[in-house]
Amino acid sequence: MSVWIDIGALEDVPLRGARMIKTPMGCVAVFRTSENEVFALDNACPHKAGPLAEGIVHGKSVTCPLHNWVISLETGEAQGADEGRVATYQARVENERILLDRAFLRARVAA
Ligand code: FES
């Protein structure tokens with residue numbers, strides 16, 4: 001069973017944007033789509049660790065600000081001809097609050 005932890009308000013993350021959110025387990029990049037879905041990923045692009053939270057969100061993807069790789073927010077995988085993957089964490093919105101699966105903690109501790 002998932003245990004969800006509150007990591008902040010939905011309004012703290014701009015629409016079609018992202019924000020680094022500090023959690024008790026470290027920082028995570030939280031992205032918000034035009035549909036108000038949220039996705040939590042590690043911030044480092046699988047190419048050369050570009051800051052994904054500073055990229056452009058479009059659909060359910062983000063374009064890295066450094067060399068324009070397109071990363072799926074759902075799977076963390078690079079799209080198209082590029083290969084690589086960034087860690088993703090289960091996130092959801094409830095009552096305008098962003099919740100992160102506590103498994104994030106285990107993933108971080110194991111990393
Ligand atoms: S570091 Fe992200 S595309 Fe190069």
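The values are calculated or read from the model by the stated rules, or taken from the named source; none is laboratory data. Remember, predicted model here, so these are calculated numbers, not experimental data. Neighbour counts run over all protein chains shown; Cβ positions are idealised from the backbone, glycine included. SASA here: full protein model, heavy atoms, side chains in, ligands and nucleic acids out. Shrake-Rupley method; radii C 1.70, N 1.55, O 1.52, S 1.80 Å.
Before moving on, here are some points about what is shown:
- Selection from the range 36-49 of residues that are outside any strand (DSSP E or B) and surrounded by 20 or more Cβ atoms within 10 Å (Cβ to Cβ): ASP42, CYS45, PRO46
- Looking across the range 62-82, the residues that are more than 12 Å from the ligand (Cβ to nearest atom) and open to solvent by 20 Å² or more (accessible area, probe 1.4 Å) come down to GLU74, THR75, GLU77, ALA81.
- Flag if VAL57 is buried (at least 23 other Cβ atoms within 10 Å of the Cβ) and assigned to a strand (DSSP E or B): no
- Residue in the range 34-41 that is within 14 Å of the ligand (Cβ to nearest atom) and either closer than 12 Å to THR88 by Cα or small (Gly, Ala, Ser) (or both) present: yes
- Residues (in contact with a strand residue (DSSP E or B) (Cβ under 7 Å, 6 or more places away or on another chain) and either assigned to a strand (DSSP E or B) or open to solvent by 60 Å² or more (accessible area, probe 1.4 Å) (or both)) located in the range 3-18: TRP4, ILE5, ASP6, ILE7, GLY8, ALA9, ASP12, LEU15, ARG16, GLY17, ALA18
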